[in-house]
1. Against the condition crowded, with 17+ Cβ neighbours inside 10 Å and modelled with pLDDT of 85 or more, how does GLY93 come out, does it pass?
2. Using beta carbons and a limit of 8 Å, which pairs, at least six apart or on different chains, have the first residue in region 109-126 and assigned to a helix (DSSP H, G or I) and the second one at pLDDT 50 or above and of a type in the set (Ser, Thr, Tyr)?
3. Are any residues in region 25-46 assigned to a helix (DSSP H, G or I) and either modelled with pLDDT of 90 or more or among the basic types (Lys, Arg) (or both), and if so, which ones?
4. Could you please let me know if ALA22 is at pLDDT 75 or above, out of contact with any Phe, Trp or Tyr (no Cβ under 9 Å at 6 or more places or on another chain) and surrounded by fewer than 19 Cβ atoms within 10 Å (Cβ to Cβ)?
5. What number of residues in region 45-78 are surrounded by fewer than 20 Cβ atoms within 10 Å (Cβ to Cβ), more than 30 Å from ALA146 (Cβ to Cβ) and not charged (D, E, K, R)?
Amino acid sequence: MLEEVGLGLLKRAPWQFWMAVAGVGLVLAGCLAPWASGGGSGAQYGFQSDDGKFFLLLALATGVLLWRYAERDAPPALLLSAVLGILLLIAAGLEFESITDVVSRSFSTVGSNSVSDSWGLLVVVLGGLGITIGSGLLLLERAASASTG
């Protein structure tokens, strides 16, 4: 049945592919989770910010690229997936650093009514790492098998 819809690769997909797919899922879940909370204003969720919307867009684009790779065994889609994973990892890491900096300043000045960082953005960073490592390792494996075969 998978061959009928052009997804025969899914039957034999290596673990690196599934690692990248799991990374996409983690980014999507992290964008729906709280990124910061506290101060009586409630939680700030990832999708409420422009950065979160950007990360959602990158994750969806990566998912489409991985689908394209699974459908047609297209290395360019895999390469673009790895590049988007790196972009996601860097941008989410910078956002995490920014929020952590705000939190540390809040704790030193406000005390108990301060903003605290939450787990959602960390999940986005881990998802970006999964996409980058999974896609990158799969690209390396393809290059190694092409050079020996």
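1. Taking the combined requirement at face value, the residue does not satisfy it.
2. Note: pairs meeting the criteria are GLY120/TYR45.
3. Those that are assigned to a helix (DSSP H, G or I) and either modelled with pLDDT of 90 or more or among the basic types (Lys, Arg) (or both): GLY25, LEU26, VAL27, LEU28, ALA29, GLY30, CYS31, LEU32.
4. yes
5. Result for region 45-78: 7.
The values are calculated or read from the model by the stated rules, or taken from the named source; none is laboratory data. Quick caveat: nothing in here was measured; it's all calculated off a predicted structure. We place every Cβ from the backbone using ideal geometry, glycine too, and count neighbours over all the protein chains shown.
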